[in-house]
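Okay, so here's the structure we're looking at.
The values are calculated or read from the model by the stated rules, or taken from the named source; none is laboratory data. All of these numbers come straight from a predicted model, not from anything done at the bench. All Cβ positions, glycine included, derive from the backbone under ideal geometry; neighbour counts span all protein chains shown. Remember, those area values only see protein heavy atoms, side chains included, never the ligands or the DNA or RNA. Shrake-Rupley method; radii C 1.70, N 1.55, O 1.52, S 1.80 Å.
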Amino acid sequence: GGAGCIPSFGGEDPRVGEEAILHAVKSAALEASADFVIIDTGAGYNRAVNVGADLCDIALVVTGQMPVALRSAEATVGRLYDMGVEDIRLIINSFDAQGVIDEQRKGLFGVIDESRAPLLGVIPYDYNLMLTHERLLPRGNDAECAFSNIAKRLCGENVPIFSGMKRMRKLKNKICL
């Protein structure tokens with residue numbers, strides 16, 4: 001099978017009912033023989049979260065270390081649990097390890113505690129990731145490795161949280177506060 005990606009419902013037409021969206025997503029996934037369908041619902045409360053909750057086996061909540069992002073993640077996790085979603089996992093995006101060391105950002109455990117969801121993966125802040133995607137640098141940076149680790153975990157592999165990320169592994173004791 002392949003992988004499917006459904007774009008964000010950001011500016012959804014209020015005339016389109018959730019049932020129609022559910023049907024469209026299911027049809028597209030079947031047509032593509034997708035193993036996974038990722039629905040990017042964006043932050044906050046919107047109809048796409050309802051659709052995603054109705055369709056998902058696993059909900060991935062993506063957050064950063066900023067207080068507003070953590071409040072949003074906690075609210076989203078609570079809403080998903082209230083909607084009956086039992087398997088909710090956390091991805092921390094653009095994790096600023098130096099900010100933790102400088103005591104300007106929450107550490108790994110602090111983010112997990114505030115979000116109230118089990119950790120699936122950590123994407124380290126990496127300016128080079130943008131350059132890699134713009135094809136200005138070769139592939140193989142820590143952030144790219146983190147995406148690969150998350151994909152492996154979703155497929156059932158037991159992968160250590162910072163596997164393949166030398167810098168993050170070295171900083172592990174300083175950033176897991």
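Each Lys or Arg adds one and each Asp or Glu subtracts one; over the other residues with Cβ under 13 Å from the Cβ of residue 102, this totals +1. Across segment 90-174, the volume of the C-alpha convex hull divided among the residues equals 98 Å³ per residue.
In this simple spin-label approximation, residue 98 and residue 66 carry label points 7 Å from Cα along the Cα→Cβ vector, and these lie 1.9 nm apart. Taking 0.36 nm per residue of separation and subtracting the Cα-Cα distance, full extension of the segment from residue 28 to residue 50 would add 6.1 nm.
Annotation for residue 35 and residue 75: the two label points, set 7 Å from Cα along the Cα-Cβ direction, are 3.6 nm apart.
Note on segment 33-132: with neighbouring protein chains present and a 1.4 Å probe, carbon and sulfur make up 50 percent of its accessible heavy-atom surface.
Simple spin-label estimate for residue 109 and residue 57 gives 3.3 nm between the two label positions (7 Å along the Cα-to-Cβ direction from each Cα).
Applying 1/(1 + (r/R0)^6) with r as the Cβ-Cβ distance of residue 167 and residue 18 and R0 = 41 angstrom yields a FRET efficiency of 0.40. Among 118-125, 55-62, 98-105, sorting by the average number of other beta carbon atoms lying within 10 angstrom of each residue, highest first, gives 118-125, 55-62, 98-105. For segment 27-153, the pair-distance distribution built from all alpha carbon pairs, in bins 10 Å wide starting at 0, is 12, 37, 35, 14, 1 percent. With N as its number of residues, segment 41-82 has a Cα radius of gyration that, divided by 2.2 N^0.38 Å, comes to 1.10.
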